[in-house]
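Data first, discussion second: the structure below is written as structure tokens.
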Amino acid sequence: MSATTTERGRQAGRGSARGKTTQSSPARGGAAKPPRSRAETRAGYAFLSPWLLGFGLLTAGPMLMSLYLAFTDYNLFRAPEFVGIDNFTALFADPRFLKSAQVTAIYVFVGVPVKLAAALAVALLLNAKHRGQGAYRSMFYAPSLIGASVSVAIVWRAMFIDDGVADRVQQFFGLPGGGWVGNPDMTMPMMILLAVWQFGAPMVIFLAGLKQIPAELHEAAAVDGAGPIRRFVSVTIPMLSPVLFFNLLLETIGAFQVFSSAFIISGGTGGPADSTLFYTFYLYIKGFTEFRMGYASAMAWVLVLVVGIITAILFRTSRAWVHYTGDVR
Amino acid sequence: MTTAMTTASAAASAVAKRKKRTSSVVFHVLVLAIAVVILYPGLWMVMSSFKPNGDIVGNVNLWPETWTLDNYASALGGIGGVPFWSFVLNSLILAVGSVVGIVLSATVSAYAFARINFPGRGVYFAIMIGTMLLPFHVVIIPQYILFNSMGMVNTFLPLLAPKFLATEAFFVFLMVQFLRGLPRELDEAARIDGCGHWGIFRLVLLPLMRPAVITSSIFAFIWSWNDFLGPLLYLKQPDTYPLPIALRIYVDQTSVSDYGAQMAMAVLALVPVLLFFVLFQRYLVDGVATQGLKG
């Protein structure tokens, strides 16, 4: 594999060497802008070839194929049979599909705001200049690095199982116990806690954004008599809005795709009572345990459409609330 | 008069100092409280792995009353005749392969985006950014059909080939951003010295891209190391399992009974990640901060 890459590289080198001879008499000194020529184009495609190949073979091609499969009945062993929109009508009559959509929607629309609120709150706290800030920043970031791993899912299950640590804490505060993993009403809070525990990544991005806010703005507002809350609403939030938008977009798209933690915690079932049957989990079950690949492809395209619509809405509304100053990215 | 003023300002600065000290105390109390909550699950996992099997679930205390290494002995015993080190080796091959693939393909592709002026570049760049927002589940079924038809199931190729083809736009974007920060005069100087694009890339810019390459390598390693869905789809024979799949099989197999060994294996599976974190936390956190990367 690496051999082919270097081979490509060498061809690129040859291409541009040839390019150099044609460019060697630059009539107009193109110092500011490199000249656009056929050799330049050839070099561009040569250097871009890994990505172009990957995009064509592993992204664009498969997307078209999955769009086709979404309208077929296909199980990997027989040829796909065209069935029109049957998969889509079946989807919306499938109670498990509707349940998985509901579970995912709750996770996204509750979990993401809670996680981002936690990230912003801790970022504001850490932004005050005190000793040890860098160490805390790293420490709080650590869960984001391991949060999606199987190890953490196993720990989470062991902590939230009946008579587990979470149960003990509940009892300590005089609340009724009973375990979270086996209780369909408690699995969602458990999954959201796991997501919120990983607030570190957006927090680090918030912190970077906070550092970009010029101190003069706060000082000027303070001179004009703005208290801390007023300064937060009128200075911090608008100045931070591009970062907030970025975090919101990434976290929302990421939350739609949660899979491995739910898989491990529920032992591969999505239970109890389908309460951890996240969208991509059900897609996996349909596609790779029941081998209903047409149906699963239809699910995948519904997901693409939903995520696309939400992304579009975020971008649309961002014009109203995201405040760009000067050359912020 | 002057003495009065100095005492007054001294008193004022003493008040300010005390105020600063109380705010500092409040800060550290709050932050430490958060740190305890954040670190607890990890510490609980590590400490539980040294506790006797019956003393794990429901034991809130971190410190083991009796220390034991039995859990590690059973975790290292492997699964169904496949030794534990086989899983580690598979994970390592996948992670190192991913790093090599991503560094090779992303640096080259990023150079094309950042430094070569050719028609269509803007469109490709927009598409590349777009793929970052695309739920990748839309491609897993056709990709599976493709790799299955080529007889690549139960090999590492379906997991490694995409890395060599820069499908993780993320890394390409990170490197494009980094390259844009390097002065164009470098290219010009090298061009005058007779370098073509390959020479500029290989001799001038690639050595300067070291920080971006290191950050990408660490993320590529960790993401591959933790990846669960990919191996779950393609690796179905126990001797091809990487650690996450082995861990899952182990949990299913031992079900409720052997929490000690589960914890021990969970800890062992995280050792390289934690090692990378301790050694390279600056690169990781700054990488996230400056690129708006996600961890």
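Throughout, read-outs are computed from the coordinates displayed, never taken from laboratory work. Remember, predicted model here, so these are calculated numbers, not experimental data. Cβ sites come from the backbone with ideal geometry, for glycine too, and all protein chains shown count toward neighbours.
Inter-chain Cβ neighbour count for B:160-167, averaged per residue, equals 6 (cutoff 10 Å, partner chain atoms only).
Its alpha carbons considered, the protein assembly as shown gives a radius of gyration followed by a Dmax of 26.9, 100 Å.
Database remark: amide H of residue A:72 closer than 5 angstrom to the amide H of A:83 (H placed geometrically; neighbours at sequence offset of 5 or more, or on other chains; Pro and chain starts carry no H). When only alpha carbons of the stretch B:25-92 are considered, Rg and Dmax amount to 16.8, 55 Å. One compactness figure for the stretch A:161-207 is 1.42, namely its Cα radius of gyration divided by 2.2 N^0.38 Å.
Note on chain A: dipole from Cβ charges, positive end direction compared against A:59, A:200, A:121; the farthest Cα belongs to A:59. Only Cα pairs within less than 10 Å get springs; with that Gaussian network setup on chain A, which residue of A:65, A:188, A:239 has the largest fluctuation? Looking only at A:65, A:188, A:239, the largest GNM fluctuation is found for A:65. In the elastic network of chain B, a GNM with C-alpha springs shorter than 10 Å, the most mobile of B:78, B:130, B:260 is B:130. Sorted from longest to shortest, the spans of the Cα atoms of the stretch A:90-321 along the three principal axes equal 65, 46, 28 Å.
Inter-chain Cβ neighbour count for B:106-112, averaged per residue, equals 6 (cutoff 10 Å, partner chain atoms only).
In this simple spin-label approximation, residue B:210 and residue A:131 carry label points 7 Å from Cα along the Cα→Cβ vector, and these lie 3.2 nm apart.
Decide, for the stretch A:239-327, between rounded, prolate and oblate: order the square roots of the alpha carbon gyration tensor eigenvalues as a ≥ b ≥ c, take rounded if a/c falls under 1.5, and otherwise choose prolate if a/b is larger than b/c, else oblate. Don't skip to the answer; put the middle values down first.
Numbers: a/c = 3.96, a/b = 2.17, b/c = 1.83.
Prolate.
Name the shape class, rounded, prolate or oblate, that the alpha-carbon gyration tensor gives for the stretch A:164-289, where a ≥ b ≥ c are the square roots of its eigenvalues, rounded holds for a/c under 1.5, and otherwise prolate holds if a/b is larger than b/c and oblate otherwise. Oblate.
Here the Gaussian network model covers chain B, with springs between Cα atoms less than 10 Å apart; of B:58, B:77, B:230, B:58 fluctuates the most. Taken about its Cα centre, the protein assembly as shown carries a charge dipole of about 2480 debye when Lys and Arg each add +1 at the Cβ and Asp and Glu each add -1 at the Cβ. Only Lys, Arg, Asp and Glu carry charge here, each on its Cβ (+1 for the first two, -1 for the last two); on that basis the stretch A:30-112 has a dipole of about 520 debye about its Cα centre. Under 5 Å between amide hydrogens, built in the peptide plane, is the criterion, and for residue A:163 it picks out A:178, A:179 among residues at least 5 positions away or on other chains.
From other protein chains only, count the Cβ atoms within 10 Å of every residue's Cβ in A:299-308, then give the mean. Could you put the intermediate results ahead of the total?
Values: counts 3, 8, 2, 1, 4, 4, 0, 1, 5, 3.
Per residue, the number of nearby Cβ atoms from other chains is 3 on average.
Taking 15 Å as the straight-line reach from the Cα of residue A:286, the aspartates and glutamates in range (excluding those fewer than 8 positions away in the same chain) are A:73, A:94, A:274.
List, in the order given, every pair from B:163/B:236; A:211/B:163; A:129/B:19; B:51/B:236 whose Cα-Cα distance in the structure shown is over 25 Å.
Values: B:163/B:236 21 Å; A:211/B:163 34 Å; A:129/B:19 14 Å; B:51/B:236 32 Å.
From the list (B:163/B:236; A:211/B:163; A:129/B:19; B:51/B:236), the Cα-Cα distance tops 25 Å for A:211/B:163; B:51/B:236.
For chain A, hydrophobic long helices are taken as DSSP H runs at least 30 Å long by C-alpha position along their axis with mean Kyte-Doolittle hydropathy of 1.0 or more; these are A:293-321. Backbone amide hydrogens, once placed in the peptide plane, bring residue B:49 within less than 5 Å of nothing, excluding anything fewer than 5 places away on its chain.
Determine the equivalent ellipsoid of chain B by diagonalising the alpha-carbon gyration tensor, then write out the semi-axes as square roots of 5 times the eigenvalues, largest first, rounded to whole Å.
On the way: eigenvalues 326, 304, 47 Å².
Value: 40, 39, 15 Å, ordered largest first.
Just to confirm my numbers, what's the Cα centroid distance between the stretch B:54-118 and the stretch B:11-38 in Å? Cα centroid of the stretch B:54-118 versus Cα centroid of the stretch B:11-38: 39 Å apart.
List the residue ranges in chain B for DSSP H helices whose C-alpha atoms run 30 angstrom or more along the long axis and whose Kyte-Doolittle average is -0.5 or above. Kindly include the intermediate steps, with their values, before the conclusion.
On the way: long enough: B:2-48 (65 Å, 1.00); B:84-115 (46 Å, 1.60); B:259-291 (40 Å, 1.36).
Length and hydropathy pass: B:2-48, B:84-115, B:259-291.
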